[in-house]
Amino acid sequence: MTKLKRAIFLSGGGPAVGLSLGVLKRLREEADIKFDVWSSACIGAWLAVSYHQADEGQEIEQSVEFFRKIFRPANVYERFPIAGAFAPDFFSDFHNKMAYLFNPASYNNLIVPEAIAGAADHVQHFMKNPKYWTPHNLNDVLLNGVLAAHPVARFMVGALYQTETKGLAKIYSPDSMFLDRLKFDRLYQEDKPAIFHNAYNLTQQRLELFTNKPEKYNLPAMDGQTLCACSALPFIEEPVEINGDMYCEGATVDTVSFFDFLRLHPDVDEVWVSRILDLKQVRQPQNLYDSLNNLVMMFAASASEDAVERFKREVAESGRKINIIEIPVSPNITYDWTWENLDCGIEDGYQATSAVLEQYRAKRTPPKREHRPLRNPAGFLHELLHQPRFA
């Protein structure tokens, strides 16, 4: 039997990564299903790297251990809902605040006479009309009639938003203890499959791929810096500089990392997709934390679903015969970076993959031909001659 060339896609999805872990855990049990190409984005890229740098035979166990360093126990996370990999750059942030404070340009346009006059008119209009004396309109007056024109408020807002700090956290540092847990040199061993992850080049305004086989594909080599660039979600994490260009998360453009796949891999027969986000996972927010999660995940869930459909059309239009297997996305997980959510995702991903494999095997196994014993020729001829059309 001809060996199939297979690829697997591990999409972005942050705290939903347990679903892809469960997928890989189940697929590892199938000795005949191996992947020659691993294409990934955001958290899927971290999983691909973690999996392939692990000790042989310990890929799942060590990947789970790695991600448990990012996730937290529920009782810790409850009052500190921040993942372990998202550390702010406190020292740089303080330096940027001081630089803003002592920069003469920071004091330009703090006093704008026409803005003060406009704010006074706004307050006067509010005070003269009792029908507007409601909490909603009072909020509007406080913002536009007081704070927007007040010099001190203007300076403080500038110090909050207009320093050189570009994200709530800084994901990459060359001396990172967190990145030291990953042995990137192992990705370049001869027996490793081709691994890819994406990042968006803000300087050149284009999506780019990084790989562990740069000579073969004429692409830049992946390392800890490119992996962090792959996950530098705007506003949440600062962009990452690589060779003078600034990069942010590639999943904001291509959540599943289908970019350039058909050109780079003209001989792939089969594609497996672990799309870990779905709109059914989105819950009604209870606080700002939930709202921020929804802001990030809602677009990513919709984008990942659209990306899969677009890839299917691209394959059909190319005339290629590629079998595409999608793993169903569980709606049961949350967007909490907790061990419990990670374990739930692993279990759901495992079960979903088992169901897919059952259908996959059924389609690939030819139906058994029913064995019938040889009939007596004389008896068969007698039955044939006595059928109605011969009677």
Connecting every pair of Cα atoms under 10 Å apart in the chain and solving the GNM, the largest mean-square fluctuation among Val308, Val356, Val329 falls on Val356
Inter-label distance for Glu30 and Arg283, nm, one decimal - labels placed 7 Å from Cα along Cα-to-Cβ: 3.2 nm
Quick one: net charge around Leu219, please, counting Lys, Arg +1 and Asp, Glu -1 for every other residue with C-beta under 10 Å from its C-beta. -1
Net charge within 9 Å of Gly167 by Cβ-Cβ distance, Lys/Arg positive one each and Asp/Glu negative one each, not counting Gly167 itself? -1
Would you work out the charge dipole size for the chain about its Cα centre, treating the Cβ of every Lys and Arg as +1 and the Cβ of every Asp and Glu as -1, and quote it to the nearest 20 debye? 1320 debye
Taking the dipole about the Cα centre of the chain, with the C-beta of Lys and Arg at +1 and of Asp and Glu at -1, give me whichever of Cys344, Pro214, Gly244 is farthest to the positive side. Cys344
Carbon + sulfur, % of accessible area of the chain - ligands and nucleic acids excluded, 1.4 Å: 57 percent
Here are some values of semi-axes √(5λ) of the Cα gyration tensor in Å: (1) 55, 28, 20; (2) 41, 24, 18; (3) 35, 24, 18. Which one was computed from this structure? (1)
FRET efficiency (Phe80, Phe299; Cβ distance; R0 25 Å; to 0.05) is 0.45
List the residues, sorted by chain then number, that are 5 or more residues from Glu237 or on another chain and whose placed amide H is less than 5 Å from its amide H. Leu168, Ala169
C-alpha long axis of helix 288-318 to longest principal axis of the chain, angle in °: 40 degrees
GluC sites (Glu not before Pro) restricted to DSSP loop in region 16-95 with at most 13 other C-beta within 10 Å: Glu29, Glu30, Glu56, Glu78
Taking the simple approach of a point 7 Å from Cα along Cα-to-Cβ for both Asn243 and Ala153, what is their distance in nm? 4.8 nm
Choose one answer from Lys166, Lys25, Lys131: the residue with the largest mean-square fluctuation in a GNM of the chain with alpha-carbon springs under 10 Å. Lys131
Extension gain from Ser354 to Gln58, taking 0.36 nm per residue of separation minus the Cα-Cα distance: 104.5 nm
If I model a spin label at Met177 and Glu190 as a point 7 Å from the Cα along the Cα→Cβ vector, what separation in nanometres do I get? 3.8 nm
GNM of the chain, Cα pairs under 10 angstrom: of Asp254, Asp245, Asp343, the biggest fluctuation goes to Asp245
Suppose R0 equals 35 Å. What FRET efficiency, 1/(1 + (r/R0)^6) with r the Cβ-Cβ distance, do Arg320 and Lys69 give to the nearest 0.05? 0.30
Lysines with Cα under 23 Å of Lys170, excluding same-chain neighbours fewer than 8 positions away: Lys69, Lys97, Lys183
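The values are calculated or read from the model by the stated rules, or taken from the named source; none is laboratory data. Nothing here was measured: the structure is a model prediction, and the numbers come from that model. Positions of Cβ are backbone-derived with ideal geometry, glycine not excepted, and every protein chain shown enters the neighbour counts. When the accessible area is computed, the model is the full protein with side chains, heavy atoms only, and any ligands, DNA or RNA have been set aside. Shrake-Rupley method; radii C 1.70, N 1.55, O 1.52, S 1.80 Å.
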